[in-house]
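Student: Let me begin by handing over the structure; questions about it come next.
The values are calculated or read from the model by the stated rules, or taken from the named source; none is laboratory data. This structure is a prediction, so every number in the text was calculated from the model and none was measured. Note that we place each Cβ from the backbone using ideal geometry, even for glycine, and neighbour counts take in every protein chain shown. Areas reflect the complete protein model, heavy atoms only, side chains present, ligands, DNA and RNA absent. Shrake-Rupley method; radii C 1.70, N 1.55, O 1.52, S 1.80 Å.
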Amino acid sequence: MLLENAPYSHDKAKLYDLLLDNTDEGFILIDKSFHIVAINKAGADRIKEIFSKDVIAGSSMFQFTKPDRLSFIREVYARVFRGEPVSYQVTAHTPGGIRKTFSILSRPAFEKDGSIFGALINTRDVTQEVERVYEQEIALGISSIFTSKHLLSEALNDLLYLLCREYRRDAAEIWIGNIDGTALLRKASAHCIEEGATLSFAKGKGLPGACWAEQQAIYISDLQRDDLFQRKSFARANSFVAAEAIPIVNMGATTAVLVFFQKQGTNQGIEVPTSILFHTGNEIRRKDAEDRLNRFFELSPDVFSIAGTDGYFKILNASFPRMLGYTMEEVLSVSYYDLIHPDDLKSTEVLVDELAGGLQSNYFENRFRAKDGSYRWFAWTSTSLEEEGLIFGVAKDITEKKKSEQLYRDLNATLEKRAKELAASNAELERFAYVASHDLQEPLRMVSSFLQLLQKKYNNQLDDTAHQYIHFAVDGAERMKKLILDLLAYSRVGTNSEEHTFVDMNQVFSEVKNYFTTTIHQLNAEVHADRLPTVKGNPTQMKQVVQNLVGNALKYHAEAPPKILINSKELNGEWIFCVEDNGIGVDPRFAEKIFIIFQRLHNSSEYEGTGIGLAIARKIVEKHGGKIWVEPNTPSGSKFYFSIRK
Ligand code: ADP
């Protein structure tokens with residue numbers, strides 16, 4: 001309504017125009033037959049923007065209504081013409097493809113007499129508000145794609161379909177820089193026939209490479225003519241006419257390049273909002289990092305798991321189902337308690353309780369049933385996220401280790417059993433040798449006594465040959481007696497139960513030296529010992545060893561008078577004793593043999609003996625946990641060593 005006394009000279013119509021044409025809101029007045037009878041500037045501009053047409057006198061509103069909206073419009077205006085105001089929203093695209101949204105309020109236009117003339121349509125451009133909401137919805141859609149898809153490539157694929165749909169593009173592809181930033185690789189495409197498609201570009205090369213290098217959008221209206229676009233046959237195969245490349249820039253660096261294709265029209269279409277590009281860039285980076293981590297996760301031969309305290313695995317890498325022969329779905333759909341070996345159930349339950357209570361477990365073993373019914377052992381390291389009831393676990397398959405441990409245990413048990421059997425049969429043999437040698441002595445004594453009686457009584461009746469025979473027989477019996485006595489001594493080594501005490505080896509040496517006084521004197525021998533240690537052992541047996549070695553050193557002397565030296569040294573927790581002589585030496589070929597019972601290198605006419613002295617020495621030393629050996633072929637003589645544990 002115009003004010004009555006306004007101090008203006010303008011006419012009323014002019015004032016109305018000023019009022020209506022200086023507002024952003026569009027006003028359109030139509031009569032009941034939908035003819036536009038008045039329109040302000042904003043209204044006319046809006047219609048022109050969408051329909052590229054001027055509103056002229058007599059224009060029908062239906063000229064500016066899309067055919068699919070006709071019935072809706074008729075319904076709305078039937079209500080308006082009955083006197084009811086109606087509001088609604090209209091979305092339309094400009095010929096350039098820009099989407100516009102208008103909020104429309106149509107109310108009845110009354111004549112002065114109250115009758116309805118037509119409708120006053122008030123249009124307000126709400127594109128910005130609507131687009132903002134719309135952008136948020138797209139961003140949400142993008143996020144949900146990246147959350148629900150396991151792999152980056154799958155997510156990118158879905159992303160391109162979404163962008164094509166939302167931004168009305170015929171096809172799309174996405175290019176991402178390789179790890180060292182030297183090339184762009186095409187990671188996904190939507191609505192493209194792949195014929196002749198190049199899948200990588202260096203920086204600056206091709207449409208994606210140029211967009212990547214320049215960090216700005218590039219639009220090509222004629223793909224066949226523009227040299228920047230290299231993939232002519234690819235464009236032809238897909239009937240792509242125009243393309244635009246849009247960089248997705250994140251923190252100054254291009255994360256990816258989006259390329260959209262259009263089959264017709266050379267216009268650029270609506271822009272993809274920066275916020276959507278930024279959001280997409282973030283999602284790609286996040287997913288890419290996740291993808292890389294996932295690859296490690298999946299590649300690992302070890303098991304990675306997130307399990308609930310409710311008894312179900314939530315997330316597992318592929319190795320666990322693979323080891324057991326199940327599919328991932330099978331493992332995730334049953335309670336892990338159903339797969340655990342019955343004997344490990346209790347301990348696993350206790351562990352899960354402890355973990356749920358916030359404890360950490362560095363080592364825990366249990367068995368899981370494989371699909372073929374066998375069980376595999378796992379060694380777990382676990383920790384929990386108490387508040388969420390989740391257990392994070394890493395496990396190694398230790399089945400083979402367990403098997404070899406079992407094998408080792410079985411082997412040990414067998415060895416132990418054998419050793420026991422051997423000890424028992426040894427003891428039996430020793431008893432036998434003892435009894436045999438003991439009991440043989442008596443008849444042997446009888447043989448030699450009666451032979452000697454025979455010799456005495458029939459001395460004159462026997463000729464020389466008979467005397468010689470008797471002599472041989474007595475001599476044989478004598479040697480046999482010695483053998484039996486030695487055998488007895490040998491068998492006694494095992495049965496001697498004298499307690500181990502501290503044995504002063506200096507004392508032992510001087511007793512041995514005393515024992516050989518006469519021989520030493522006769523041979524003009526020199527027998528010396530360095531300062532010797534005290535060892536733990538059986539005193540009688542220690543003396544026996546030294547006596548046998550010194551005895552041999554005296555017996556197997558060479559031309560020169562014997563020189564014998566005994567010394568000792570400490571080595572690796574043992575005392576090593578050495579009896580060194582300047583005698584005839586030992587042929588290296590027989591260095592082992594001489595320690596075997598009854599093995600001699602000489603016959604008794606050369607050197608008297610039964611071949612049992614070193615065997616006894618060896619048996620004693622071994623019983624004391626040591627070893628005995630000879631170092632033969634020293635310049636002259638030999639060195640006999642024996643070791644005794646400290
Ligand atoms: P025996 O002296 O009764 O023959 P031993 O068991 O003491 O029995 O010795 C076995 C063999 O080792 C001897 O026959 C001898 O040939 C050789 N032997 C032992 N000690 C020495 C030594 N000190 N020098 C040279 N040969 C030795």
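Student: Out of the residues in region 244-285 meeting the condition of being open to solvent by 50 Å² or more (accessible area, probe 1.4 Å) and of a type in the set (Ser, Thr, Tyr), tell me which one is nearest to Asp397 (Cα to Cα).
Tutor: Only one residue tops the list, namely Ser275.
Student: With the structure loaded, tell me whether Gly583 is within 11 Å of the ligand (Cβ to nearest atom) and either open to solvent by 50 Å² or more (accessible area, probe 1.4 Å) or among the small types (Gly, Ala, Ser) (or both) or whether it fails that test.
Tutor: Judged against the criteria, Gly583 is a match.
Student: Another question, then. Tell me yes or no: at least one residue of region 6-26 is surrounded by 15 or more Cβ atoms within 10 Å (Cβ to Cβ) and at pLDDT 90 or above.
Tutor: Yes, there is a match, as at least one residue in region 6-26 is surrounded by 15 or more Cβ atoms within 10 Å (Cβ to Cβ) and at pLDDT 90 or above.
Student: Spot the failing condition for Thr465; the list is (1) among the β-branched types (Val, Ile, Thr); (2) more than 26 Å from Tyr490 (Cα to Cα); (3) touching a residue at least 24 places away in the same chain (Cβ under 8 Å), and only one is missed.
Tutor: Condition not satisfied by Thr465: (3).
Student: Cβ-Cβ distance below 6 Å, separation of 6 or more or different chains: which pairs start in region 518-530 with a residue that is at pLDDT 95 or above and end on one that is open to solvent by 50 Å² or more (accessible area, probe 1.4 Å) and part of a helix (DSSP H, G or I)?
Tutor: Val527/Lys513
Student: Which numbered condition in (1) out of contact with any Lys or Arg (no Cβ under 7 Å at 6 or more places or on another chain); (2) exposed (fewer than 13 other Cβ atoms within 10 Å of the Cβ) is the only one that Thr91 fails?
Tutor: The one condition Thr91 does not meet is (1).
Student: Right, next: Confirm whether Ala477 is surrounded by 13 or more Cβ atoms within 10 Å (Cβ to Cβ), assigned to a helix (DSSP H, G or I), away from the ligand (no atom under 16 Å from the Cβ) and free of Cβ contacts under 8 Å to residues at least 12 places away in the same chain.
Tutor: For Ala477, the condition - surrounded by 13 or more Cβ atoms within 10 Å (Cβ to Cβ), assigned to a helix (DSSP H, G or I), away from the ligand (no atom under 16 Å from the Cβ) and free of Cβ contacts under 8 Å to residues at least 12 places away in the same chain - is not met.
Student: Output the number of residues of region 158-190 satisfying the condition of being open to solvent by less than 30 Å² (accessible area, probe 1.4 Å) and in a helix (DSSP H, G or I). Give the steps one after another, and end with the answer.
Tutor: Taking region 158-190 first, the residues open to solvent by less than 30 Å² (accessible area, probe 1.4 Å) are 159-160, 162-164, 167, 169, 171-177, 183-184, 188-190.
After this cut, where a residue has to be in a helix (DSSP H, G or I) as well, the list is 159-160, 162-164.
Looking only at that region, the number is 5.
Student: Need at least 3 residues that are in contact with an Asp or Glu (Cβ under 9 Å, 6 or more places away or on another chain) and on the phi < 0 side of the Ramachandran plot per element, so show me which helices (runs of 4 or more DSSP H) inside region 293-371 make the cut, counting only ones lying wholly within it.
Tutor: 319-324, 342-356
Student: Residues of region 36-84 being in a loop (DSSP other than H, G, I, E, B) and open to solvent by 80 Å² or more (accessible area, probe 1.4 Å), which ones? Reasoning before the result, please.
Tutor: Residues of region 36-84 in a loop (DSSP other than H, G, I, E, B): 40, 52-59, 65-66, 82-84.
The answer is Lys53, Asp54, Ile56, Ala57, Lys66, Arg82.
Student: Let me ask something additional. Give all pairs with beta carbons closer than 6 Å in which a residue from region 420-432 that is assigned to a helix (DSSP H, G or I) meets a residue that is among the small types (Gly, Ala, Ser); count only pairs at least 6 apart in sequence or on separate chains.
Tutor: Glu430/Ser491; Glu430/Gly494
Student: Then there is this: Which numbered condition trips up Ser374, out of (1) surrounded by fewer than 14 Cβ atoms within 10 Å (Cβ to Cβ); (2) of a type in the set (S, T, N, Q); (3) farther than 30 Å from Asn362 by Cβ?
Tutor: (3)
Student: Which one of these is open to solvent by 40 Å² or more (accessible area, probe 1.4 Å) and within 9 Å of the ligand (Cβ to nearest atom): Lys569, Lys555?
Tutor: So the residue among Lys569, Lys555 that is open to solvent by 40 Å² or more (accessible area, probe 1.4 Å) and within 9 Å of the ligand (Cβ to nearest atom) is Lys555.
Student: Looking at Ile116 and the list (1) open to solvent by less than 20 Å² (accessible area, probe 1.4 Å); (2) touching a residue at least 60 places away in the same chain (Cβ under 8 Å), which single condition is not satisfied?
Tutor: With respect to (1) open to solvent by less than 20 Å² (accessible area, probe 1.4 Å); (2) touching a residue at least 60 places away in the same chain (Cβ under 8 Å), Ile116 is out only on (1).
Student: Find the residue count for region 522-545, including only residues that are assigned to a helix (DSSP H, G or I) and hydroxyl-bearing (Ser, Thr, Tyr).
Tutor: 1
Student: Of the residues that sit in region 196-216 and are open to solvent by 40 Å² or more (accessible area, probe 1.4 Å) and part of a helix (DSSP H, G or I), which one is farthest from Leu185 (Cα to Cα)?
Tutor: The selected residue is Glu214.
Student: Which residue out of Gln461, Gln507, Gln468 is closer than 18 Å to Gln547 by Cα and open to solvent by 90 Å² or more (accessible area, probe 1.4 Å)?
Tutor: Gln507
Student: Any chance you could count how many residues in region 480-503 are outside any helix (DSSP H, G or I) and exposed (fewer than 15 other Cβ atoms within 10 Å of the Cβ)?
Tutor: 7
Conditions tested, residue by residue: (1) open to solvent by 50 Å² or more (accessible area, probe 1.4 Å); (2) touching a residue at least 24 places away in the same chain (Cβ under 8 Å); (3) within 14 Å of the chain's Cα centre (by Cα).
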site: Lys287; (1), (2), (3): no, yes, no
site: Ser333; (1), (2), (3): yes, no, no
site: Gly358; (1), (2), (3): no, yes, no
site: Glu365; (1), (2), (3): yes, yes, no
site: Phe378; (1), (2), (3): no, yes, yes
site: Leu385; (1), (2), (3): yes, no, no
site: Lys396; (1), (2), (3): yes, yes, yes
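Student: Applying the selection to region 587-636, what residues are in contact (Cβ under 8 Å) with a residue 12 or more places away in the chain, more than 10 Å from the ligand (Cβ to nearest atom) and over 27 Å from Gly537 (Cα atoms)?
Tutor: Of everything in region 587-636, those that are in contact (Cβ under 8 Å) with a residue 12 or more places away in the chain, more than 10 Å from the ligand (Cβ to nearest atom) and over 27 Å from Gly537 (Cα atoms) turn out to be Pro588, Asn633, Thr634, Ser636.
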